[in-house]
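Working notes for the structure below.
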Amino acid sequence: MQIKIIKNRSDIGAGTRGSDMGIDAIEIAAINTNNNYFTQFDFEDVETENESIYNKVKNSFGKRIEHVVQQCTRVSNTVQSNLNNAFFPLVISGDHSSALGTISGIKAAYPNKKLGVVWIDAHADIHSPYTSPSGNVHGMPLAAAMGEDNLDCKINTITKETKTFWETMKNIGTSKVKVQPEDIVYFGVRDTEEPEAKQIEKLNIRNYKVEEVRYRGIDNCINEAIEKLKECEIIYVSFDVDSMDCDLISYGTGTPVPKGFDQFEIIKIINGFLNTKKVVCLEFVEVNPLLDLKGNKMAETAFEILDEVTKTLKD
């Protein structure tokens, strides 16, 4: 399958501006190492709703959700179209709300195939407008993909308008639930609020924490996760750079968390799943050069990972 780079410069689902510049920062990292990576592949730019950041927020428990719905719909259509045309969509996005669009596009292209999701992230991203303390939609994509409201842990009373957009969000691409909890595997999740922690426990979502991966051995954990997803015919891998250790790597991401993975562990995890030949889409998100205290370090590290895993993709 031929690689197509999908550039989604959207940061409207985040609480901090700047991840829309992450793609350009990664491209600059490539240029500065004299690497012609971004001239090797066809690419497609997804139109954005970034101008909506100037609008007054109307849905405080789903900030800019109406625009996130539009953006995720565009991403979904782009991913579906590329999969239908036998491309491998390598999606580089701003904030992580984009993942709902990506998952929706995969399911629209493969409606009858069982989808596994590998979520490499410091955060679980299974809030809903009913449970989110911030209202930032980049913390909600997996909940939308699972069709989960988590009303047992409800802390917010949302408006009719927010509810309508949330229901629309859950039905992008296909009206069916896109992924089952047992078909999700977390790597590195370590910063959750109580509603998310309760959902992870209730839905029995497997989380390979950093300390477990290092104690038991990364190969053991990867192989175990692959076995867990053995019934899944297709797999989507979503890599949020905040899964890496901010003190070791960089603070160049919207919600940095210490005690994460290093770049070599990330490469190994992603390659482990790519080697199954089941992965149909890979996504990189949340590089924010405006927050980087080490020049362009986060983007440079993200590009190092991107370049390495692409070699596996091309094999």
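Observations on the model:
- Pairs are defined by a Cβ separation below 6 Å, a sequence spacing of at least 6 or placement on different chains, a first member in the range 7-27 that is in contact (Cβ under 8 Å) with a residue 60 or more places away in the chain, and a second member that is aliphatic (A, V, I, L, M) and outside any helix (DSSP H, G or I); the pairs so defined are 7/92; 8/46; 22/287; 23/92; 25/287.
- Of the candidates 76, 19, 81, the single residue that is in contact with an Asp or Glu (Cβ under 8 Å, 6 or more places away or on another chain) and either hydroxyl-bearing (Ser, Thr, Tyr) or surrounded by fewer than 22 Cβ atoms within 10 Å (Cβ to Cβ) (or both) is 19.
- Breaking point among (1) surrounded by 24 or more Cβ atoms within 10 Å (Cβ to Cβ); (2) part of a strand (DSSP E or B), for residue 90: (1)
- Some residue of the range 9-22 being assigned to a helix (DSSP H, G or I) and basic (Lys, Arg): no
- In the range 193-218, residue modelled with the lowest pLDDT [restricted to those that are under 20 Å from residue 245 (Cα atoms), surrounded by fewer than 20 Cβ atoms within 10 Å (Cβ to Cβ) and in contact with a helix residue (DSSP H, G or I) (Cβ under 9 Å, 6 or more places away or on another chain)]: 193
- Selection within the range 94-110: residues that are among the hydrophobic types (A, V, I, L, M, F, W, C) and over 20 Å from residue 23 (Cβ atoms). The member of this set that is surrounded by the most Cβ atoms within 10 Å (Cβ to Cβ) is 106.
- Residue satisfying all of: in the range 144-181; free of Cβ contacts under 8 Å to residues at least 40 places away in the same chain and part of a helix (DSSP H, G or I); surrounded by the fewest Cβ atoms within 10 Å (Cβ to Cβ) among these: 160
- Residue within the range 285-306 that is among the hydroxyl-bearing types (Ser, Thr, Tyr), over 16 Å from the mean Cα position of the chain (by Cα) and assigned to a helix (DSSP H, G or I) present: yes
- Matching entry among 80, 71 (being under 16 Å from the mean Cα position of the chain (by Cα) and either touching a residue at least 40 places away in the same chain (Cβ under 8 Å) or in a helix (DSSP H, G or I) (or both)): 71
The values are calculated or read from the model by the stated rules, or taken from the named source; none is laboratory data. Everything quoted here is computed from the prediction, not taken from an experiment. Glycine gets a Cβ as well: all are built from the backbone with ideal geometry, and neighbour counts include every protein chain shown.
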